[in-house]
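Heads up: the structure comes next, in structure tokens.
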Amino acid sequence: MIKITLPDGSIKEFAINSSPFDVAKSISEGLARNIISASFNGTTVETTTPLITDGSLVLFTFNEDAGKKAFWHSSAHVLAEAILSFHPNAKLTIGPAIDNGFYYDLDLGEGVISEKDFKEIEDKFLEIARGKHEFSMRSVSKADALTLYKKENNPYKVELIENLTDGDITFCDHSNFTDLCRGGHIPNTGIIKAVKIMNVAGAYWRGDEKNNQLTRVYGITFPKQKLLTEYLELIEEAKKRDHRKLGKELELFTFSPKVGAGLPLWLPKGAALRGRLEDFLKKAQKKAGYEMVMTPHIGQKELYVTSGHYEKYGADSFQSIKTPKMDEEFLLKPMNCPHHCEIYNFKPYSYKDLPKRFAEFGTVYRYEQSGELHGLTRVRGFTQDDAHIFCTPEQLDQEFKDVIDLVLYVFGSLGFENFTAQVSIRDMENLDKYIGDVETWEIAEKAIISAATDKGLNFVIVEGEAAFYGPKLDFMVKDALGRSWQLGTIQVDYNLPKRFDLTYKGADNQLHRPVMIHRAPFGSMERFIAVLLEHTAGNFPLWLTPDQVILLPISEKYQNYSEKVLELLENSEIRALVDDRNEKTGRKIRDAEVSKVPYMLIVGEKEEEEGTVSVRKHGEGDLGTFTIEEFVSLIKKEVESTLMKF
């Protein structure tokens, strides 16, 4: 018998060679019907894998991320088989699960797949799925695996196998299809009930432009047709909310090929919106004891060599800026933290002076590949709402918790209510990726977990997602469409203070090393605004929106009264404008709705005589007639209700 520990801590005994499916069946028939993947002692296994030792077992359905990953990875195999039926000479490469579905990369030779082929591939896919073919794993020697793919003249698989260790190579079989695979599959193809080919694109082998270009086919599958229908409806809604589309319609930002790809240009309304976000955070930071600093957009190469950024990112970033002086090199600033370390080094501090909290809206530059650029979410120049706190080890816990409070204040004021926290720690199997010693890393990781626990955050621990200089707490926010975004980060760093030889004089009159906290509640201003645009569909909170009110005189006779109302609103710090075009009122209302102005004030003869305005609210319609004072009060109350106190 073996002892199996379940996620709730309970321990059950099973006969040796029992499978995860057997365990699920012992719990309930319903679970057994829905289980599609499992994890045993932290390793992904099949539902049919024999369990031969004691261990911890987690069972996954399609509702869990791990279940979706197995479902979509298995679907990639079926997609490859379906494509091979139309392109029998295609060479297979890789087919992983991704956040929403999966893809498979193939070398089609002279063959081509276009959108007109999608329906045919989908039909073949479902035909294969209906066969209820079991996914079966088997071990293969390195020599046999190489022989197979050399015989098929597939250099891609040969390259993959040559980098694997003999004894660790497995194939997955289903139907008459075989593929090199590490595992993690659903029980059989019949579980897949719905499929949609989403896109086809070019992709270089291994992501290297020097290699062959492959055909990448994207797809998504579900265990029910209803789920696919709902997903496609979500995609259509996402298209309407695309921040690139809304940014253009609302005149917030643009891009110019003459300026350069990935370098956004902020238009007046967008710049004003950014300014309000900055003012909002500056006000909160001032209350929290931060001091604003400013640093240049470039720095000497040696600065980033000292910090470690050049070693980690130099080869893939913007290259050095040469000057007329021999051997003098500068870099576009990839991070603000080295500059803030040098600000700290401006003068000596004692423990009584700490913590020091330096904040900056600092623009940084990173050379993203052109194929990875995407609107404001992936750019080459962006502004971080960066701050660095230098504190004593004893102050670390409270300072970290105070930053959590600041992040929660930002999210609450902007309508991000659905989020989880992610404690990002080292990849314990690849420690060469990180700087610093093991002891300080362990201290930093424990400090983050302790603070997150004390603040009652809903958090998960994810291995391998730490920054190269320290662990971090990332906030994963779900938008109105249920999509997850990483917004806001807090990082604990014992390494940069050492690299920059930062010190303070302690109560013992000796020099000590401060701890450094990196934090950015917005993260990147560009990315944050993009996510906010899509989350709100451009209907920003009233305190933030570019134009809060638009006045619509029904004819030019009431232009003077409109201007008088405008002045009264502006005196009350309400952002308003007048639509004085020679257009019908209905047209003006429609245009204001498209521009997503929250309030429309219609003024005519009756309103002028009574000193009132007729109020319409975006998306809701008429609210009735208000005096100017009543309307100002309405606006103030709405702003106060959405803007949290800090």
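The values are calculated or read from the model by the stated rules, or taken from the named source; none is laboratory data. These numbers were taken from a predicted model, which means no experiment stands behind them. Every residue, glycine among them, receives a Cβ derived from its backbone with ideal geometry; neighbour counts consider all protein chains shown.
Of note:
- Selection status of Gly95, assigned to a loop (DSSP other than H, G, I, E, B) and buried (at least 20 other Cβ atoms within 10 Å of the Cβ): yes
- Matching entry among Thr295, Thr229, Thr221, Thr306 (being surrounded by 13 or more Cβ atoms within 10 Å (Cβ to Cβ), out of contact with any helix residue (DSSP H, G or I) (no Cβ under 6 Å at 6 or more places or on another chain) and polar (S, T, N, Q)): Thr229
- Of all residues in segment 103-152, those satisfying the criterion of being aromatic (Phe, Trp, Tyr) and either more than 18 Å from Ala203 (Cα to Cα) or not assigned by TED's automatic domain parsing to the domain that holds Leu180 (or both) are Phe118, Phe125, Phe135, Tyr149.
- Annotation for segment 519-531: at least one member residue is more than 30 Å from Lys356 (Cβ to Cβ), crowded, with 23+ Cβ neighbours inside 10 Å and not hydroxyl-bearing (Ser, Thr, Tyr).
- Any hit, segment 306-318, residues being more than 27 Å from the chain's Cα centre (by Cα) and over 19 Å from Tyr409 (Cβ atoms): yes
- Count of segment 161-178 residues which are under 11 Å from Ala143 (Cα atoms) and crowded, with 16+ Cβ neighbours inside 10 Å: 2
- Ile404 vs. criteria farther than 27 Å from Lys287 by Cβ, in contact (Cβ under 8 Å) with a residue 12 or more places away in the chain, among the aliphatic types (A, V, I, L, M) and assigned to a helix (DSSP H, G or I): no
- Selection status of Val632, over 27 Å from Leu246 (Cβ atoms), outside the structural domain of Lys286 (by TED's automatic domain parsing), of a type in the set (A, V, I, L, M) and at pLDDT 95 or above: yes
- Top-ranked residue in segment 304-355 [being polar (S, T, N, Q) and part of a loop (DSSP other than H, G, I, E, B); ranked as nearest to Leu511 (Cα to Cα)]: Asn345
- Residue check for Lys157: in a helix (DSSP H, G or I), touching a helix residue (DSSP H, G or I) at 6+ places or on another chain (Cβ under 8 Å), within 26 Å of Pro88 (Cβ to Cβ) and free of Cβ contacts under 8 Å to residues at least 12 places away in the same chain: no
- Considering residues of segment 242-263 that are charged (D, E, K, R) and assigned to a helix (DSSP H, G or I) only, the residue farthest from the chain's Cα centre (by Cα): Glu249
- Leu252 passes every criterion in (1) among the hydrophobic types (A, V, I, L, M, F, W, C); (2) closer than 30 Å to Gln548 by Cβ; (3) at pLDDT below 95 apart from (3).
- Some residue of segment 268-287 being of a type in the set (S, T, N, Q), within 30 Å of His243 (Cα to Cα) and in contact with a helix residue (DSSP H, G or I) (Cβ under 9 Å, 6 or more places away or on another chain): yes
- Residue in segment 434-449 that is in a loop (DSSP other than H, G, I, E, B) and among the polar types (S, T, N, Q) present: no
- Any hit, segment 63-74, residues being buried (at least 18 other Cβ atoms within 10 Å of the Cβ), small (Gly, Ala, Ser) and under 19 Å from Ala201 (Cα atoms): no
- Residues that are among the β-branched types (Val, Ile, Thr) and more than 14 Å from Tyr290 (Cβ to Cβ), drawn from segment 334-385: Thr363, Val364, Thr377, Val379, Thr383
- Test: residue in segment 276-297 that is within 20 Å of Phe382 (Cα to Cα) and β-branched (Val, Ile, Thr): yes
- A residue that is under 14 Å from His77 (Cβ atoms) and either touching a Cys at 6+ places or on another chain (Cβ under 9 Å) or assigned to a strand (DSSP E or B) (or both) cannot be found anywhere in segment 196-216.
- Checking Ile52, Ile36, Ile27 one by one, the residue that is at pLDDT below 95 and crowded, with 22+ Cβ neighbours inside 10 Å is Ile36 and no other.
- Residues within segment 319-346 that are over 18 Å from Asp386 (Cβ atoms) and either β-branched (Val, Ile, Thr) or under 25 Å from the mean Cα position of the chain (by Cα) (or both), tallied: 2
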